[in-house]
Amino acid sequence: MASQEAGSCPVAHVERSLLETGTLTDPTIRDHPQAFYAAMRSHEPVFYDAKLGSWLIARYEDAQTVLRDSETYSAERGYNTQFAKGFIDEFSAILKAEGGGFFPDVIKSDPPRHTRIRKLTDAAFSAHRVKQLEPGIVEIAADLVEKMLAKSDRGEQVDGVADFATPMTIRVICKQLGIFDLDPDTIKRWSHALIQQIGMVQTRDEMVAHARQVAECQNYLIAQIHDRQANPKEDMISDLVHARADDDNAALDFAETVSLVRALLIAGNETTSTGMGHLVYILATQPATAQRLYDSIDDDRLLGRFVEEMLRMDPPIRVTSRMTTREVELGGKTLPEGAHILLAYGSLNFDEREFACPYDFDVDRPNLTRQLAFGAGAHRCIGAALARMELKVAAREIVRRLDSIKLMIPADQLSYVPSIATHRIAFMPISFTRRA
Ligand code: HEM
């Protein structure tokens, strides 16, 4: 039943009762959270999830308030509370014993440290570096699409995640970092192990197994860093190892460098491949949108708008955390000092106060670029330009070569990797034909 209007779209009345037992730890809500989020936006936009011990922020405007005030809402304290939740001492002991040390994620620090780190990291993401990577990314995308075609010609089942999204981003990030001797499965394993530390649903046994994999990853990266210290190359690890701030010539210290190289390997990989999976999903399930891309294959602006709307509809990062540093009013609630906050991107991008007809996939919406998939404020995604370019290139190469892309199972049977941090399709069987 329609109870209010947003743009020209009727918005269904949402029952408050969904909030009585609702928690993001419930696998059904985690995989398909829209009804839960809509209830929060309507009735309790700052909602305490008792199972997580965190306040979920559901409305766009409240999220902007949080994201733009680093003093009241600490990224460092929020992230550290979420990281390896319940097991941090044991996790750090394993890393110290087996992985060359425990290196907290410095990019998640608060100012003034964050300002210094961010300045030094920005050097590795210059427009020049991103542009330099583009031809190689086109080659990777084209190669993977051809491999999917060959697999399909052999009569084998193609998985849009394992055969495209995952190898595409792993190959790009390896090129970017200058890593050429690792097999994709190893990076996939390491990424999963690290991203599970912010997923808030791992058991102790899983944490121990993941910590050992993170240790293996760090040992590998430490060797790469030592190599770049002695032999600088044209890659991002070298950019970070040799980064100097203009004003005082300060460099990153060793622990900061390890944590940043690790962050780039994982952040650039899990997030973009999750987005890449959604891209294939949209092309397979939104025929009218796919047709527009087919009709205007070289329209760079349209491709850009497609990528933006895809990120709005299914933001790969589902929550990021903050912690209050003082008592504060937000969304009609009084939060105490030390309240753990999760910004629910999957809700923010559907806020009908900001986006008219939010459930429609609409590349023509006027405020498309206000979507928040890359965050906002001081911690806004550093890899956004690179990720956007990768997604555009992937969309173009897929549309150039494939026709009639279809999902081989009903959409509601897709499974997602268990995590509250990302919304990652686990397996996506697809069919297609070769474009004439
Ligand atoms: C579609 C792909 C991507 C999405 C959706 C995404 C999303 C995000 C979001 C939401 C944040 C803000 C976190 C916060 O506010 O706490 C962030 C930060 C960050 N992202 Fe991305 N990201 C993507 C791709 C990448 C890539 C390709 C890289 C690097 C290779 C990267 C590196 C980072 C780093 C280092 C930060 C931390 C920045 C800071 O705290 O100053 N991301 N990303």
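Miscellaneous remarks
- Label zone at ALA150 (point 7 Å along Cα-to-Cβ), backbone N below 19 Å, the stretch 171-213: 171-172, 183-185
- Candidates LEU149, LEU407, LEU182: whichever shows maximal mean-square fluctuation once the chain is modelled as a Gaussian network with Cα springs under 10 Å: LEU182
- Put simply, when 207-215, 296-304 are sorted by average Cβ atoms within 10 angstrom per residue, most first, you get 207-215, 296-304.
- For the chain, cysteines whose Cβ has no other cysteine Cβ within reach (under 4.7 Å): CYS174, CYS217, CYS381
- In the chain, helical runs assigned H by DSSP with n ≥ 4 each contribute -39500 (n - 2.57); averaged across all residues and rounded to the nearest 500, the mean residue ellipticity at 222 nm is -15500 deg cm²/dmol.
- Computed from backbone phi with θ = phi - 60° and the Karplus coefficients 6.51, -1.76 and 1.60, the 3J(HN,Hα) list for the stretch 24-32 is 5, 7, 6, x, 5, 5, 4, 6, 10 Hz; x is used for glycine and proline.
- P(r) of the stretch 180-230 over all Cα-Cα pairs, binned every 5 Å from zero, in whole percent: 4, 20, 26, 21, 14, 9, 5, 1, 0
- For the stretch 163-284, the percent of C-alpha pairs falling in each 5 Å distance bin, counted from 0 to the bin holding the largest distance, reads 2, 10, 19, 20, 18, 14, 9, 5, 2, 0, 0.
- Listed pairs LYS85/LYS147; LYS188/LYS406; LYS175/LYS406; LYS151/LYS233; LYS175/LYS392; LYS108/LYS147 exceeding 28 Å between Cα atoms: LYS85/LYS147; LYS175/LYS406; LYS151/LYS233; LYS108/LYS147
- Note on VAL158, VAL280: ascending count of other Cβ atoms within 10 Å places them as VAL158, VAL280, the fewest first.
- Dimensions of the stretch 283-379 along the principal axes, based on C-alpha atoms and rounded to the nearest Å, stand at 54, 24, 22, largest first.
- Normalised alpha carbon radius of gyration of the chain [divisor 2.2 N^0.38 Å]: 0.97
- Contact order relative to length of the chain, as percent, for alpha carbon pairs under 8 angstrom and 6 or more apart: 25 percent
- Full-extension gain in nm, ILE409 to THR28, via 0.36 nm per residue minus C-alpha separation: 135.3 nm
- For the peptides 39-48, 229-238, the ranking by mean Cβ contacts within 10 Å, running from highest to lowest, is 39-48, 229-238.
Bear in mind that the values in this text are calculations on the coordinates, not laboratory data. This is a predicted model, so every value here is computed, not measured. Using ideal geometry, Cβ is built from the backbone for each residue, glycine included, and neighbour counts are taken over all protein chains shown.
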